[in-house]
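Peer 1: Below is one structure. I have some questions about it.
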Amino acid sequence: MRKLTNIVITGGAGFIGSNLIRYIFEKTDFSGKIINLDVLTYAGNPYSLDDIDKKFGGSQYFFEKADIRDRKAVDAILVKYDVDTIIHLAAESHVDRSITGPEEFITTNINGTFNLLEAAKNYWKDFEGKLFHHVSTDEVYGSLGDEGFFTEDTPYDPRSPYSAAKASSDHLVMAYFHTYGMPITMSNCSNNYGPYQFPEKLIPVMIENMLTEKALPVYGDGKNIRDWLYVEDHNSAVWTIVNNGKTGRTYNIGGENEWENIKLVNSLCEIVAKETGKELNYYKKLITFVKDRPGHDRRYAIDCSRIKKELDWKQTYSFDSGLSETVKWYLTERSWIENVKSGEYLKWMEENYSER
């Protein structure tokens, strides 16, 4: 097991990042420092970690508002906290947004990752006791047919500006391992869901639209398939890799929960109807099929046998339990929802999703 002392988590105010920080403080015995490095784009919200800041701020938890594309800022943070571990989550991540405006995805996901790698290489010099963990996506593998699964050896075949930018960053990270000997680990995960997810992704969009009686937009015929992973299970896997993963190794993390989009939306309607006391058809009648997006991959499915066999990891949430917990959270935490639904997010949604 690695000895982790001072960890920078990039994108720590985002969905997965905030849940990871919460997981480390609440579910592990980590006694070092966590530095949340986040530029606070529309999808980053420090409010998600307000309770963590009140409990651990100034002793174990520190927030640094900085852009990973700003090399001087990154250099200064590594020196200030004597960082020995970087868990890199910061990224532009929404496929639809990458189609309408790809430039931010290139500069953040590729150039930002390059900045972090260069800063770490130059600051660490001696790599002993250091680690750069890169969090990526199964979308870099492209699209599957009706059968088969993505493995760590599946050739990359990205289909959107988002997945292409993430694929590029993956290759950069692995190049720094092979070229400079930088100790890295990498993970490629399937679709995450759970608390604190910004309301632009499928599950929170559907829940929010149900509660406001808006159309439930489903792309194409609704039969695109995704493998859904509860965010806490994802973060337990990341923590396992960071502590025990083999240097230079990639690990796929999946929920082993394949669902057609339309079946998922119908299931959400059933759960929300039960929780709100409404008739099922009250929500199902809102389902609206819309024009498919360009390059929409048909099916993703992860083979996560490597991390299970090598690191003894497994999921703890079934899809039913995870989805139920997620719906209850979004129904309960209305102040968080209202807090994040402002500014750039609303402007972008109005400009790009008025039909929804």
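The values are calculated or read from the model by the stated rules, or taken from the named source; none is laboratory data. The shown structure was predicted, so the numbers you read here are calculated from the model rather than taken from an experiment. Using ideal geometry, Cβ is built from the backbone for each residue, glycine included, and neighbour counts are taken over all protein chains shown.
Peer 1: Among the numbered conditions (1) at pLDDT 95 or above; (2) of a type in the set (A, V, I, L, M, F, W, C); (3) surrounded by 15 or more Cβ atoms within 10 Å (Cβ to Cβ), tell me where A76 comes up short.
Peer 2: A76 satisfies all of (1) at pLDDT 95 or above; (2) of a type in the set (A, V, I, L, M, F, W, C); (3) surrounded by 15 or more Cβ atoms within 10 Å (Cβ to Cβ) except (3).
Peer 1: Continuing with this model, one more query. Please return the ranges of strands (runs of 3 or more DSSP E) entirely within the range 60-153 where 2 or more residues are touching a residue at least 60 places away in the same chain (Cβ under 8 Å) and under 18 Å from the mean Cα position of the chain (by Cα).
Peer 2: Passing ranges, in order: 85-88, 131-137.
Peer 1: Looking only at the range 131-153, count every residue that is surrounded by fewer than 19 Cβ atoms within 10 Å (Cβ to Cβ) and at pLDDT 95 or above and tell me the total.
Peer 2: Count: 3.
Peer 1: Report the residue count in the range 157-187 for those that are free of Cβ contacts under 8 Å to residues at least 24 places away in the same chain and either β-branched (V, I, T) or under 17 Å from G254 (Cα atoms) (or both).
Peer 2: Number satisfying all stated conditions: 1.
Peer 1: Is it the case that A43 is hydrophobic (A, V, I, L, M, F, W, C), modelled with pLDDT of 95 or more and either under 30 Å from K125 (Cβ atoms) or touching a Gly at 6+ places or on another chain (Cβ under 7 Å) (or both)?
Peer 2: Taking the combined requirement at face value, the residue does not satisfy it.
Peer 1: Of the residues in the range 12-42, how many are out of contact with any His (no Cβ under 8 Å at 6 or more places or on another chain) and within 14 Å of A90 (Cβ to Cβ)?
Peer 2: Selection size over the range 12-42: 16.
Peer 1: Need pairs with beta-carbon distance below 9 Å; first residue surrounded by fewer than 18 Cβ atoms within 10 Å (Cβ to Cβ) and among the basic types (K, R) and within the range 250-272, second at pLDDT below 95 and not in a strand (DSSP E or B); sequence gap 6+ or separate chains.
Peer 2: Hits for this filter: K263/G222; K263/K223.
Peer 1: Still on this structure: Return the residues of the range 248-273 that are small (G, A, S) and either within 30 Å of K284 (Cβ to Cβ) or in a helix (DSSP H, G or I) (or both); say none if nothing qualifies.
Peer 2: G254, G255, S267, A273
Peer 1: Among the numbered criteria (1) under 20 Å from E275 (Cβ atoms); (2) at pLDDT 95 or above; (3) not hydroxyl-bearing (S, T, Y), which one does P199 miss?
Peer 2: (2)
Peer 1: Determine if the range 99-109 includes at least one residue that is surrounded by fewer than 23 Cβ atoms within 10 Å (Cβ to Cβ), in contact with a Leu (Cβ under 6 Å, 6 or more places away or on another chain) and of a type outside the set (A, V, I, L, M).
Peer 2: no
Peer 1: On to the next question. Look through the range 17-38, keep the residues that are hydrophobic (A, V, I, L, M, F, W, C) and out of contact with any Gly (no Cβ under 9 Å at 6 or more places or on another chain), and return whichever of them is farthest from T240 (Cα to Cα).
Peer 2: This residue is F25.
Peer 1: Further question on the same structure: Please give the helices (runs of 4 or more DSSP H) falling wholly within the range 160-247 in which 1 or more residues are basic (K, R) and either surrounded by fewer than 23 Cβ atoms within 10 Å (Cβ to Cβ) or within 16 Å of the chain's Cα centre (by Cα) (or both).
Peer 2: 161-180
Peer 1: Considering K278, K309, K285, which residue is out of contact with any strand residue (DSSP E or B) (no Cβ under 9 Å at 6 or more places or on another chain), under 29 Å from I7 (Cα atoms), surrounded by fewer than 17 Cβ atoms within 10 Å (Cβ to Cβ) and without any contact (Cβ under 8 Å) to a residue 40 or more places away in the chain?
Peer 2: K309
Peer 1: Restricting to the range 124-141, name every residue that is under 28 Å from I225 (Cα atoms) and in contact with a Phe, Trp or Tyr (Cβ under 9 Å, 6 or more places away or on another chain).
Peer 2: T137, D138, E139, V140, Y141
Peer 1: Residue check, K314 against (1) in contact (Cβ under 8 Å) with a residue 24 or more places away in the chain; (2) in a loop (DSSP other than H, G, I, E, B); (3) surrounded by fewer than 16 Cβ atoms within 10 Å (Cβ to Cβ), all met but one. Which one?
Peer 2: (1)
Peer 1: Can you tell which of D297, D292 is in contact with a Gly (Cβ under 9 Å, 6 or more places away or on another chain), touching a residue at least 24 places away in the same chain (Cβ under 8 Å) and surrounded by fewer than 17 Cβ atoms within 10 Å (Cβ to Cβ)?
Peer 2: Being in contact with a Gly (Cβ under 9 Å, 6 or more places away or on another chain), touching a residue at least 24 places away in the same chain (Cβ under 8 Å) and surrounded by fewer than 17 Cβ atoms within 10 Å (Cβ to Cβ) holds for just one of D297, D292, which is D292.
Peer 1: Out of G32, G11, I need the residue that is of a type outside the set (A, V, I, L, M, F, W, C), at pLDDT 95 or above, touching a strand residue (DSSP E or B) at 6+ places or on another chain (Cβ under 8 Å) and crowded, with 24+ Cβ neighbours inside 10 Å. Which one?
Peer 2: Result of the check over G32, G11: G11.
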